[in-house]
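Visitor: A single structure is presented below for examination.
The values are calculated or read from the model by the stated rules, or taken from the named source; none is laboratory data. Everything numeric in this text was worked out from a predicted model, so none of it was measured. With ideal geometry, Cβ positions are generated from the backbone for all residues, glycine too; neighbour counts draw on all protein chains shown. When the accessible area is computed, the model is the full protein with side chains, heavy atoms only, and any ligands, DNA or RNA have been set aside. Shrake-Rupley method; radii C 1.70, N 1.55, O 1.52, S 1.80 Å.
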Amino acid sequence: MTQSCDLGLIGLAVMGENLALNIESRGYRVAVYNRTTSKVDEFISGRAKGKKFVGCHSLEDLVANLAKPRKVMMMVKAGPAVDDLIDTLLPLLSPGDILIDGGNTHFADTERRTKYVESKGLRYIGTGVSGGEEGALKGPSMMPGGSPDAWPAVKPIFQAIAAKVGPKGDIPCCEWVGPRGAGHYVKMVHNGIEYGDMQLICEAYFMMKEALGLSNEELYDVFTDWNRGELDSYLIEITRDIFSVKDREADGYLVDKIMDRAGAKGTGKWMSQLALDLGVPSTLVTEAVYARCLSAMKDARVRASKMLKGPTGTYDGNRREFIDAIRQALYASKICSYAQGFVQLQHAAAEYDWPLDYGQCALVWRGGCIIRAVFLERIKEAFDADPNLENLLLAPYFANAVTKAQGAWRHVLVTATQIGIPVPGFATALAYYDGYRRERLPANLLQAQRDYFGAHTYERLDKSGVFHTDWLRERRQPTNKT
């Protein structure tokens, strides 16, 4: 006996299970399938017991239990497995049915799959889902893109399960992003910004620990204070919590026992690579990826630490003032990071013909996701005031905030350099700011070099056109003077 389910979900790993439970909790009936069918039985007899679920042991069974137009959400590992699943499902579905990919998929795959599925008469959605396991269960941030006419069919479900923000807590952190791969691209930029945020927070922590010698109890108090102000965010909140967790297996705190070798799943690298393809300087996510790569070289760093020399020491000035300087450096660097992320979105929208709403992107990230922060309200306000805003640094609020923080920001960088503490995130953010605010950069010399050795030509400031100089002929002959 079949039942008329509102959505079918394939893939019952933790994210899939939690998302299915979230959907069912909003009043929808869900059919579920997993390649290992024992997982279906465990779910139906366990967490799903007594709820509006239908457990299926085959894809044919899943499809048969769905109301038309059928909506099938795939929560499987990104890559070839998604293509294989699509090809298996297509013969079982009818024109107008909707396939949804909720994984961490590369946007180019979603661009390709949308066109492919549409060519078969069906519709396709690639949606970014952020918030981890808890978000999936209680309310994620969702960034759907793909076939535009599929959105009305899934909008009620997606917006029901998404996180809610606003004065009344009724604005869903889920809105249509754009066609084809737009949703997964926006999710990728979210993840890249997340890389930057985490790196900046780690640098602030390292400065306070190494330069000031703050204890974990003191760090807990600092992050508690920071979370009450302009840095109020999920990542600051969980960082605060981490400093309070003691090691159950030995004396001391757990964070101090964790190996300083960071992992990564690749989305930050994707953003960095695509920024290079677009020719936009998303330097902070790139530096954050490199910082993780350097951390992974733990054995080499241990060997190098015994041979390479440099300055060491602590900060001997006013502790309270320096902690506040670190806060300001963190905030100013964070502004630069988000500014770079939105510039990359703007260039991607132009390149791939996506009508992105940047204020809406900020609102979608306001709740449910890893980078959720009060700060995002300011970004939405900036784009609401000027939808064509070229760079967040040019919005009055952010321009004033960075100007106010500059003295402290530079002081932190100088101090870090003097005592040998690496702060690549803070440094690359300030270099970006200083480069962006200068009318002239040394690229004139770079172009002269390129023209000298490769005849790559150059432009002039005083007249239009493209020029080439025979630099070897025009050069002054060197003398024998030393």
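Condition check ((1) at pLDDT 95 or above; (2) under 21 Å from the mean Cα position of the chain (by Cα); (3) of a type in the set (D, E, K, R)) across all residues:
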| position | (1), (2), (3) |
| --- | --- |
| E287 | yes, yes, yes |
| Y290 | yes, yes, no |
| A296 | yes, yes, no |
| A304 | yes, no, no |
| K309 | yes, no, yes |
| G313 | no, no, no |
| N318 | yes, no, no |
| F322 | yes, no, no |
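Visitor: Quick one: which residue in D241, D251, D221 is within 28 Å of R301 (Cα to Cα) and either among the charged types (D, E, K, R) or touching a residue at least 12 places away in the same chain (Cβ under 8 Å) (or both)?
Guide: Criteria check complete, one pass: D251.
Visitor: Could you grab the pairs with beta carbons closer than 9 Å, sequence gap of 6+ or different chains, first residue in the range 91-119 and under 20 Å from A67 (Cβ atoms) and aromatic (F, W, Y), second one open to solvent by less than 10 Å² (accessible area, probe 1.4 Å) and at pLDDT below 95?
Guide: Pairs that qualify, where the first residue is under 20 Å from A67 (Cβ atoms) and aromatic (F, W, Y) and the partner is open to solvent by less than 10 Å² (accessible area, probe 1.4 Å) and at pLDDT below 95: there are none.
Visitor: Additional query: From the list D149, D170, which one is more than 24 Å from the chain's Cα centre (by Cα), modelled with pLDDT under 95 and open to solvent by 60 Å² or more (accessible area, probe 1.4 Å)?
Guide: Testing whether each residue is more than 24 Å from the chain's Cα centre (by Cα), modelled with pLDDT under 95 and open to solvent by 60 Å² or more (accessible area, probe 1.4 Å) leaves just D170.
Visitor: Yes or no: A31 modelled with pLDDT under 95 and of a type in the set (A, V, I, L, M)?
Guide: no
Visitor: Kindly indicate the residue of the range 447-472 that is open to solvent by 90 Å² or more (accessible area, probe 1.4 Å) and not in a loop (DSSP other than H, G, I, E, B) and also farthest from M198 (Cα to Cα) among those meeting that condition.
Guide: L472
Visitor: Test of understanding: among L308, L294, which residue is open to solvent by 40 Å² or more (accessible area, probe 1.4 Å), of a type in the set (A, V, I, L, M) and within 17 Å of G196 (Cα to Cα)?
Guide: Among L308, L294, only L294 is open to solvent by 40 Å² or more (accessible area, probe 1.4 Å), of a type in the set (A, V, I, L, M) and within 17 Å of G196 (Cα to Cα).
Visitor: Of the conditions (1) modelled with pLDDT under 95; (2) within 22 Å of N104 (Cβ to Cβ); (3) acidic (D, E), D251 satisfies every one except a single condition; which number is it?
Guide: Only one criterion is unmet by D251, namely (2).
Per-residue answers, yes or no, for (1) open to solvent by less than 10 Å² (accessible area, probe 1.4 Å); (2) touching a helix residue (DSSP H, G or I) at 6+ places or on another chain (Cβ under 7 Å):
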position: A182; (1), (2): yes, no
position: V186; (1), (2): yes, yes
position: I193; (1), (2): yes, yes
position: Y205; (1), (2): no, yes
position: M208; (1), (2): yes, yes
position: L219; (1), (2): yes, yes
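Visitor: Using beta carbons and a limit of 7 Å, which pairs, at least six apart or on different chains, have the first residue in the range 154-179 and farther than 18 Å from I23 by Cβ and the second one open to solvent by 50 Å² or more (accessible area, probe 1.4 Å) and part of a loop (DSSP other than H, G, I, E, B)?
Guide: Close Cβ pairs (under 7 Å, with a partner that is open to solvent by 50 Å² or more (accessible area, probe 1.4 Å) and part of a loop (DSSP other than H, G, I, E, B)) amount to V165/R366; G178/P355.
Visitor: Given the criteria open to solvent by 40 Å² or more (accessible area, probe 1.4 Å), small (G, A, S) and either at pLDDT 95 or above or under 17 Å from D197 (Cα atoms) (or both), does A350 qualify?
Guide: yes
Visitor: G368 fails exactly one of the following numbered conditions: (1) crowded, with 17+ Cβ neighbours inside 10 Å; (2) of a type outside the set (D, E); (3) touching a Leu at 6+ places or on another chain (Cβ under 7 Å). What is the number of that condition?
Guide: (3)
Visitor: While we're looking at this one, here's another question. Take the residues of the range 221-271 that are of a type in the set (S, T, Y) and closer than 18 Å to A373 by Cβ: which is most open to solvent (accessible area, probe 1.4 Å)?
Guide: Going through the qualifying residues, I end up with Y234.
Visitor: Yes or no: L214 assigned to a helix (DSSP H, G or I), open to solvent by less than 60 Å² (accessible area, probe 1.4 Å) and not polar (S, T, N, Q)?
Guide: no
Visitor: Tell me which residues, restricted to the range 39-66, are in a loop (DSSP other than H, G, I, E, B), small (G, A, S) and either surrounded by 15 or more Cβ atoms within 10 Å (Cβ to Cβ) or touching a Leu at 6+ places or on another chain (Cβ under 8 Å) (or both).
Guide: Correct list: A48 only.
Visitor: Then there's this: Which members of the range 80-90 meet the condition of being touching a residue at least 24 places away in the same chain (Cβ under 8 Å) and either open to solvent by less than 20 Å² (accessible area, probe 1.4 Å) or closer than 12 Å to L59 by Cβ (or both)?
Guide: V82, L85, I86, T88, L89, L90, listed by residue number.
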